[in-house]
Amino acid sequence: MNAFGGKSQSHVRYRYFAAQAEAEKLPNVARLFRAIAYSEYIQASNYHLKLGHLERIFTTSSIVTCGFGNTKKNLALAITGKEFGITEMYPPEYKGLTKSRKEKITERNLLWNYLVERLHKKLLEKVKKVIDKNHDIEPKSIHICRVCGYTRRGELPNKCPICKVTKEKFTTFT
């Protein structure tokens, strides 16, 4: 439930970041933020599907990174959020907890999210280096796997390296 809440908030946060980058005349960074927002939406949807069977109403608190600003600041916030996901939210240690509870789908989602968070963090760190020099990033297509949220900038992969679906299951942001 916390992961669903966190991913939902991330989806909205990256859409805000995209609007801010667009306002700063950074269209390629804005497109990247929109693509990552879509990846977050896919990941939230995977958790939502798992929660659909619950009959009770539950309330949870999700941790959110706040303090939005210009694109440079938003990139720093995004990287901090990814670090939290990698170290606190989705570490491989949680696999044991979900395995002991026989929650195979949640176990899979946690692993997928962990791998995607690592990719997003590396991508955002590269973008930050370019933005810190007051330039937009190079215009490249961004491909998002509609099953796990895997994100690739540049060439479309034949198969998702995380969930193994074919390239027909990707959405491209150009």
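What follows draws every value from the coordinates through simple rules; no lab data is involved. Keep in mind the model is a prediction, meaning the values are calculated, not measured. Cβ sites come from the backbone with ideal geometry, for glycine too, and all protein chains shown count toward neighbours.
Tabulated data
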{"read-out": "Where Val127 falls short, out of the listed (1) outside any loop (DSSP other than H, G, I, E, B); (2) surrounded by fewer than 21 Cβ atoms within 10 Å (Cβ to Cβ); (3) aliphatic (A, V, I, L, M)", "value": "(2)"}
{"read-out": "Qualifying residue in segment 147-170 (condition: hydrophobic (A, V, I, L, M, F, W, C), farther than 17 Å from Ala21 by Cβ and in contact with a Leu (Cβ under 7 Å, 6 or more places away or on another chain))", "value": "yes"}
{"read-out": "Sole residue being closer than 11 Å to Ser39 by Cα and touching a strand residue (DSSP E or B) at 6+ places or on another chain (Cβ under 7 Å), chosen from Thr171, Thr166", "value": "Thr171"}
{"read-out": "Filter result (assigned to a helix (DSSP H, G or I) and either of a type in the set (Phe, Trp, Tyr) or more than 17 Å from Ile42 (Cβ to Cβ) (or both)) within segment 130-174", "value": "Val130, Ile131"}
